[in-house]
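Colleague: One structure, pasted below without further comment.
The values are calculated or read from the model by the stated rules, or taken from the named source; none is laboratory data. Because the structure is a prediction, the values reported are computed rather than measured. Every residue, glycine among them, receives a Cβ derived from its backbone with ideal geometry; neighbour counts consider all protein chains shown.
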Amino acid sequence: MSKSLQAIRGMNDILPEQTPLWRYFENTVARLLDNYGYKQIRMPIVEFTELFKRSIGEVTDIVEKEMYTFEDRNGDSLTLRPEGTAACVRAVLEHGLTGAGQPQKLWYIGPMFRHERPQKGRYRQFHQIGLEVFNIEGPDIDAELIVLTWRLWGLLGIRDAVKLELNSLGTSESRGRYKVALVEYLSAHLDKLDEDSQRRLKTNPLRVLDTKNADTQAVLVDAPKMADYLDDESRTHFEGLKARLEAAGIPFVINTKLVRGLDYYSKTVFEWVTDKLGAQGTVCAGGRYDGLVEQMGGKPTTGVGFAMGIERLILLLETLEKVPEEISRQVDVYLCAFGEAAELAALALSEQVRDQLPNLRLQVNAGAGSFKSQFKKADKSGALYALILGDDELAQQVIGFKPLRGQGEQQNIAFDALAAHLATCVVQG
Ligand code: ATP
Ligand code: MG
């Protein structure tokens, strides 16, 4: 195929054989979030570039080198969203959703775009489910965000494969004091830092903490610790969070080097990581961003949220073989009809059945075909039962009912008894 007719590198089709797992995952999350009282919000995929520069921060990896930015026909600079928080805050402000200090518990789902090097678990178009909570400032809500993800891992059967890492970044003041101390220390060891860290020392010194370079890591062993610079309020908040996680029985580890890639975090930051996916091990990450709304022009409004990477979680379900068997079967009953008269009757009958059993997954054969070929299609569809309607059955106003997976004998069912019969043998979701 000519190159111009291929998908863009790092941007994937999600094929029909994969979509059942995606939908299972998305539906599981959506139901859980309904149960915890979160409301869905849907934002556009494109925003003014300025939004991301102002919220994510000019010297972050995302804004420095990962954004898909272009000029539209009016000459405005637009960007395909690289994450959801900025747009969510924009929408909340634009529509006054947090005016008068009212709390909001929101979630969103959708594609995000970052120009990164594509590899397993890292793509240029990828999908996130994100939560953002505004105007609830205590650690109780930080804990709820973590508790509900823990419940999700339980529903998905992957609790054993993920680990929670926690840190507190303090307030912007305490972080500022820590930054000064860190820069002072690292500057004294400048020659032992890798090139990237030398650069970050000037632009975003906290990011040096999560370097992968062994020499720089060695220098960091004796570096000042963020925990020693925390202000009292952040310390109390962090203790409150830890107490709640302990009360809920959720294991965690404190990772003092966890700083997160975005500028806007304060106090709590956390990541759920797995060692089952190689280098792309973070499946869910977030934290508190109490200063962001004000920084974006709103009234002081606390915020806390996280986003999970759907591709990585799907990969994890596949790797751990936690894909429920029943999700791949999408047909309950397959109806075969032979000849014009039978096809007409089959159509009328199938619509009556759908009226009575709205959740029945009933596939009616299309494209005619011999007995053999229709039967083959019925079997291949994965259906549990085939219905068979030919001239003989039509004359008697019955339909052949044939179990395809060895559950009982073939029998004829009267047209007007069909829906009731199907209701007894197909579990409807
Ligand atoms: P990483 O350190 O892996 O680059 P990040 O800190 O840039 O992650 P966030 O911005 O916090 O990631 O996004 C939240 C989650 O979205 C990540 O934990 C990950 O699961 C997922 N994610 C981020 N970038 C990508 C990507 N390029 N491809 C697939 N998933 C991604
Ligand atoms: Mg990244």
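Colleague: Could you list, in sequence order, all residues of region 367-397 that are assigned to a strand (DSSP E or B) and either among the small types (Gly, Ala, Ser) or within 14 Å of Leu347 (Cα to Cα) (or both)?
Modeller: Scanning region 367-397 gives Ala386, Leu387, Ile388, Leu389.
Colleague: Suppose we keep only residues that are of a type in the set (D, E, K, R) and either under 15 Å from Leu166 (Cβ atoms) or over 23 Å from the mean Cα position of the chain (by Cα) (or both) within region 291-313. Which one would you say is nearest to ligand 1 (Cβ to nearest atom)?
Modeller: Step by step, filter region 291-313, then rank; the result is Glu294.
Colleague: Another question, then. Of the residues Phe52, Phe70, Phe48, which is more than 15 Å from ligand 1 (Cβ to nearest atom), in contact (Cβ under 8 Å) with a residue 24 or more places away in the chain and aromatic (Phe, Trp, Tyr)?
Modeller: None of the other options fit; the residue is Phe48.
Colleague: Then there's this: Going through region 265-285 one residue at a time, which ones are closer than 23 Å to Arg117 by Cα, in contact with a helix residue (DSSP H, G or I) (Cβ under 7 Å, 6 or more places away or on another chain), crowded, with 21+ Cβ neighbours inside 10 Å and not aliphatic (A, V, I, L, M)?
Modeller: Trp272, Thr274, Cys284
Colleague: Can you find, within region 124-146, the residue that is surrounded by the fewest Cβ atoms within 10 Å (Cβ to Cβ) among those that are β-branched (Val, Ile, Thr) and farther than 22 Å from Tyr24 by Cβ?
Modeller: By that ranking, first place goes to Ile136.
Colleague: Next up: Against the condition at pLDDT 95 or above and outside any loop (DSSP other than H, G, I, E, B), how does Glu173 come out, does it pass?
Modeller: Here the answer is no, as Glu173 does not meet what is asked.
Colleague: Of all residues in region 53-79, count the ones that are closer than 25 Å to Gly287 by Cβ, hydroxyl-bearing (Ser, Thr, Tyr) and surrounded by fewer than 19 Cβ atoms within 10 Å (Cβ to Cβ).
Modeller: So the answer is 1.
Colleague: Going by what's in this entry, would Val46 be described as in the same structural domain as Glu66 (by TED's automatic domain parsing) and either within 16 Å of the chain's Cα centre (by Cα) or at pLDDT below 95 (or both)?
Modeller: Considered against the rule, which asks whether it is in the same structural domain as Glu66 (by TED's automatic domain parsing) and either within 16 Å of the chain's Cα centre (by Cα) or at pLDDT below 95 (or both), Val46 comes out as no.
Colleague: Right, Thr302: in contact (Cβ under 8 Å) with a residue 40 or more places away in the chain, within 28 Å of Pro139 (Cα to Cα) and either more than 15 Å from ligand 2 (Cβ to nearest atom) or polar (S, T, N, Q) (or both) or not?
Modeller: Taking the combined requirement at face value, the residue satisfies it.
Colleague: Considering only residues that are within 24 Å of Thr236 (Cβ to Cβ), touching a Phe, Trp or Tyr at 6+ places or on another chain (Cβ under 8 Å) and within 14 Å of ligand 2 (Cβ to nearest atom), which ones fall in region 266-289?
Modeller: Ala285, Gly286
Colleague: Taking the conditions exactly as written (in contact with a Gly (Cβ under 9 Å, 6 or more places away or on another chain) and over 30 Å from Leu313 (Cβ atoms)), does Leu182 satisfy them or not?
Modeller: Against the criterion (in contact with a Gly (Cβ under 9 Å, 6 or more places away or on another chain) and over 30 Å from Leu313 (Cβ atoms)), Leu182 does not qualify.
Colleague: Name the helices (runs of 4 or more DSSP H) wholly inside region 290-366 in which the number of residues that are outside the structural domain of Leu387 (by TED's automatic domain parsing) is 3 or more.
Modeller: 292-295, 310-319
Colleague: Could you count how many residues in region 160-205 are within 27 Å of the chain's Cα centre (by Cα) and touching a residue at least 40 places away in the same chain (Cβ under 8 Å)?
Modeller: 9
Colleague: Report, by residue number, each residue of region 217-265 that is under 23 Å from the mean Cα position of the chain (by Cα), of a type outside the set (Val, Ile, Thr) and away from ligand 1 (no atom under 15 Å from the Cβ).
Modeller: Of everything in region 217-265, those that are under 23 Å from the mean Cα position of the chain (by Cα), of a type outside the set (Val, Ile, Thr) and away from ligand 1 (no atom under 15 Å from the Cβ) turn out to be Leu245, Pro251, Phe252.
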